[in-house]
Structures are given as structure tokens and as C-alpha cells.
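The values are calculated or read from the model by the stated rules, or taken from the named source; none is laboratory data. None of the values given here were measured: they were computed from a predicted structure. Don't worry about glycine lacking a Cβ; one is built from the backbone with ideal geometry, like all the others, and counts go over all protein chains shown.
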Amino acid sequence: MATTVNPPNASDADSVDEIVRAVASLAPEIRACLPGRRVERGETNPSGETQLAADAHADDLLLEEIGAIDDVVEYASEERESVLDVGDGTGLSVGVDPLDGSSNLKPNNTMGTIVAVYDAPLPASGRDLVAAAYVLYGPITTMAVARDGHVTEYVVDDGTLEAVREEVELPADPLVYGFGGRVPDWTDEFAEYAREVESDERMKLRYGGAMIGDINQVLTYGGVFAYPTLESAPEGKLRLQFEGNPIGYIIECAGGRSSDGERSLLAVEPTDLHQRVPLYVGNEGLIDRLESALA
Ligand code: F6P
């Protein structure tokens with residue numbers, strides 16, 4: 001268990017419960033709506049990616065449910081330009097990636113929903129997270145929830161939370177790796193690190209095009225996932241508020257490490273709602289080696 005995460009106070013804890021239950025209750029509906037929403041909307045999201053009808057629909061459902069929770073005062077999503085005020089006074093801010101990896105919808109592969117609960121206005125630091133969670137739409141619909149330094153995996157097929165794995169920890173002997181971005185676009189330093197990881201005969205490649213699927217592999221088998229700095233995109237592809245912070249928090253609560261190449265993702269200064277960040281997460285030894293390789 002990491003020691004760097006922020007424990008929620010008692011009233012935040014109740015609100016986190018409500019948020020987690022709301023997301024779990026929506027999971028079957030978000031999933032059920034996917035088959036009819038494989039078409040593109042003809043619009044792009046604030047990060048310039050093609051929006052599918054499914055992205056927007058999941059975002060609307062999440063806004064309605066999460067925005068109605070008393071203690072939630074801000075809602076933001078990867079699909080919206082700016083933060084929405086959904087409550088008065090001070091309270092929690094929720095950032096969501098409604099459908100992570102939605103380009104996997106066409107080929108009918110895994111996708112997820114990511115939720116970050118901050119006790120600060122957005123854009124916020126990962127140090128302000130009081131909980132983070134993701135739903136994985138795999139053969140089974142599961143949800144990993146990190147709070148108070150612990151990670152629990154639930155089955156949420158029917159919209160209720162059935163705990164199936166408590167105190168989830170990255171296995172000590174890592175087995176899988178997945179690295180995003182075109183290989184010719186990697187920096188020389190990252191390419192060298194990748195060769196080193198690949199040359200370990202225990203390690204197998206697992207890259208599915210939806211971060212949540214790949215992260216769940218790392219959480220299950222141990223290993224490393226990266227969407228690195230690219231020559232053409234020094235900040236990589238993934239977004240700090242909706243992807244980097246919550247995934248860093250979950251992996252750190254599960255005993256692993258997160259990094260932007262130099263420091264924990266949770267220590268990256270937030271400057272913009274849609275800012276991108278190079279993302280490296282996994283077993284401590286693998287992330288230590290990565291930081292040495294990039295230094
Ligand atoms: O937008 C986020 C995302 O879909 C991640 O879920 C995934 O890891 C990545 O982009 C895939 O990117 P690429 O298509 O470049 O492999």
C-alpha cells in the first residue's frame with residue numbers, strides 16, 4: 001500500500017460511496033448501449049479525437065447521476081471543453097473518462113470508464129484525489145476502486161458491487177508489458193528501456209489499445225504499462241486529470257509506482273484541464289529502471 005495517497009474525511013467518504021455506487025449502477029446501461037452506438041458523431045473531443053455516439057452517451061449518463069450527488073460541486077469529462085459547476089460551495093470534483101479506449105468499439109474489444117474523485121477544484125493535483133476507480137467492460141463487467149490506500153475489485157454485471165478481490169496488490173514477479181505510440185516515434189532512451197524489458201524471458205507483450213484493459217493486466221499479472229513521451233508529442237497522449245492521476249493513484253494504492261518519467265504522476269503540477277502527460281505505471285522495480293533509463 002502506498003503512503004502518499006490522501007485519506008478522505010468522514011463526509012467525503014460517504015460521498016465517495018455514493019459516487020462509486022452511481023458508477024456501478026450505470027455500468028450495465030453504458031455497456032448495453034454500446035452495440036447501437038458504434039457510429040462516429042462527426043465531432044471531435046477537446047483532445048481532437050473522433051467522438052463516438054457511445055462516448056457522448058456515457059458522458060451524459062455519468063453527468064446526470066454524479067452531478068446529482070449532494071457533495072459533488074464540479075464535474076468534468078474528457079468529452080467536454082470545460083468544468084461544469086453542479087453544486088454550491090465547496091465539495092468534491094469528479095473527472096471522468098466516460099469510455100476509455102472507445103476506438104476499440106468498432107473491432108469489439110475491451111473498453112472502460114475511469115473516474116477520479118478530487119477534494120479540490122479542477123484541474124487538480126493527483127495529491128488531491130480521495131478515490132479513483134475504473135469499470136472494465138470485458139467478458140465480465142468489473143470495477144476496481146482505490147480509496148484509503150487500498151484497492152478492491154468488484155463484479156458489477158448487474159449494477160451492484162460484489163467484491164471479488166480485496167487488497168489487490170501487483171504481484172511481486174511481473175509478467176506483462178504494454179507500450180503505446182509508434183515504435184519509430186519513441187525516444188532512443190525509451191526504446192532502449194523497452195528492449196531491456198522485452199529481453200527478460202518472463203515478460204510477455206500485452207497491448208490492447210484501451211488503457212484500462214492493459215492496466216487491468218498489470219494489476220492482475222504485474223508488469224508495466226506506458227504511453228511514453230514521443231518524438232512528435234513530448235507530453236505523450238494520455239490526459240492527466242482523467243487518466244494519469246486516477247491510474248497513478250490506483251497503481252500506487254496497489255503497491256506499484258507511477259511516473260511521468262521523473263516523478264510520481266500524483267506530483268505532476270496541474271496546469272490545464274486537458275493537459276497530457278507521459279504515463280508509466282507498474283511494479284516498483286520496473287518504474288525505477290524506467291526513470292534511470294530516461295534520466
Ligand atoms: O485515448 C486513450 C486511449 O484510447 C487509451 O485507452 C489507449 O491506451 C490509447 O489511447 C491507445 O492509443 P493508440 O491508438 O495510439 O495505441
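When residues in the stretch 211-231 are screened for being under 17 Å from Asp97 (Cβ atoms) and assigned to a strand (DSSP E or B), 2 of them pass. Residue selection: Gly178 satisfies the criterion of being within 15 Å of the ligand (Cβ to nearest atom), in contact (Cβ under 8 Å) with a residue 12 or more places away in the chain, outside any loop (DSSP other than H, G, I, E, B) and not hydroxyl-bearing (Ser, Thr, Tyr). If you go through the stretch 192-216 and keep only what is within 16 Å of the ligand (Cβ to nearest atom) and more than 23 Å from Glu252 (Cβ to Cβ), you end up with Leu205, Gly209. Filtering the stretch 119-134 to residues that are closer than 13 Å to Asn216 by Cβ and either β-branched (Val, Ile, Thr) or within 15 Å of the ligand (Cβ to nearest atom) (or both) leaves only Tyr134. Can you tell which of Pro107, Pro46, Pro28 is surrounded by fewer than 18 Cβ atoms within 10 Å (Cβ to Cβ) and touching a Gly at 6+ places or on another chain (Cβ under 6 Å)? Of Pro107, Pro46, Pro28, the one residue that is surrounded by fewer than 18 Cβ atoms within 10 Å (Cβ to Cβ) and touching a Gly at 6+ places or on another chain (Cβ under 6 Å) is Pro28.
Ala172 falls short of the stated requirement of being aliphatic (A, V, I, L, M) and buried (at least 21 other Cβ atoms within 10 Å of the Cβ). If you filter the stretch 69-104 down to residues that are surrounded by 24 or more Cβ atoms within 10 Å (Cβ to Cβ) and of a type in the set (Val, Ile, Thr), you find that the one that is nearest to the ligand (Cβ to nearest atom) is Val96. Return the residue satisfying two criteria in turn: it lies in the stretch 201-213 and is under 16 Å from Leu286 (Cα atoms) and in contact with a Phe, Trp or Tyr (Cβ under 9 Å, 6 or more places away or on another chain), and of such residues it is surrounded by the fewest Cβ atoms within 10 Å (Cβ to Cβ). Among those that are under 16 Å from Leu286 (Cα atoms) and in contact with a Phe, Trp or Tyr (Cβ under 9 Å, 6 or more places away or on another chain), it is Leu205. Among the residues of the stretch 145-186, those that are over 29 Å from Glu201 (Cβ atoms) and among the small types (Gly, Ala, Ser) comprise Ala146, Gly149, Gly159, Ala163. Taken as a whole, the structure leaves Ala116 outside the set of residues that are away from the ligand (no atom under 15 Å from the Cβ) and modelled with pLDDT of 95 or more.
Among the residues of the stretch 149-172, those that are in a loop (DSSP other than H, G, I, E, B) and either of a type in the set (Gly, Ala, Ser) or modelled with pLDDT under 95 (or both) comprise Gly149, Gly159, Ala172. Which of the residues belonging to the stretch 186-210 are over 19 Å from Gly256 (Cβ atoms), without any contact (Cβ under 8 Å) to a residue 24 or more places away in the chain and part of a loop (DSSP other than H, G, I, E, B)? Result: Ser199, Glu201.
Only one of the numbered conditions (1) over 21 Å from Asp200 (Cβ atoms); (2) part of a helix (DSSP H, G or I); (3) of a type in the set (Val, Ile, Thr) is violated by Thr271, and that is (2). Of all residues in the stretch 119-144, those satisfying the criterion of being closer than 27 Å to Ala53 by Cα and part of a strand (DSSP E or B) are Ala132, Ala133, Tyr134, Val135, Leu136, Tyr137, Thr141, Thr142, Met143, Ala144.
Do we have Glu231 as closer than 19 Å to Ala144 by Cβ, charged (D, E, K, R), within 16 Å of the ligand (Cβ to nearest atom) and in contact (Cβ under 8 Å) with a residue 12 or more places away in the chain here? No: the conditions fail for Glu231. The set of residues in the stretch 13-39 being at pLDDT 85 or above and β-branched (Val, Ile, Thr) consists of Val16, Ile19, Val20, Val23, Ile30.
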